[in-house]
Amino acid sequence: MRGIQKQHLPSKDCPVCHKPFVWRKKWAKDWETVIYCSERCQRQAKQQRRQLNAEENP
Ligand SMILES: [Zn+2]
């Protein structure tokens, strides 16, 4: 069978949920800028950062 084999796809670890996630077609253009496995994790990371900022600058 031709085409991309799953085990050859690149993967990263999500810093929020600490789970590895594998390259998806929708990330083909910006895989290097993808940090989080999902929008949910991205939102969570943003929220955490906002909380930290609020604590530092009340
Ligand atoms: Zn995640």
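The values are calculated or read from the model by the stated rules, or taken from the named source; none is laboratory data. Model, not experiment: these values are computed from the prediction. Don't worry about glycine lacking a Cβ; one is built from the backbone with ideal geometry, like all the others, and counts go over all protein chains shown. Surface accessibility is based on the protein's heavy atoms, side chains included, excluding ligands, DNA and RNA. Shrake-Rupley method; radii C 1.70, N 1.55, O 1.52, S 1.80 Å.
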Would you please state the base-10 log of I(q)/I(0) at q = 0.16, 0.17, 0.32 1/Å for region 12-56, with intensities from the Debye formula using one equal scatterer on every alpha carbon? -0.47, -0.52, -1.13
Would you tell me the accessible area of K46, worked out with a 1.4 angstrom probe on the heavy atoms of the protein chains, in Å² to the nearest 10? 120
Find the cysteines in the chain that fail to meet the 4.7 Å Cβ criterion with every other cysteine, and list them. C17, C41
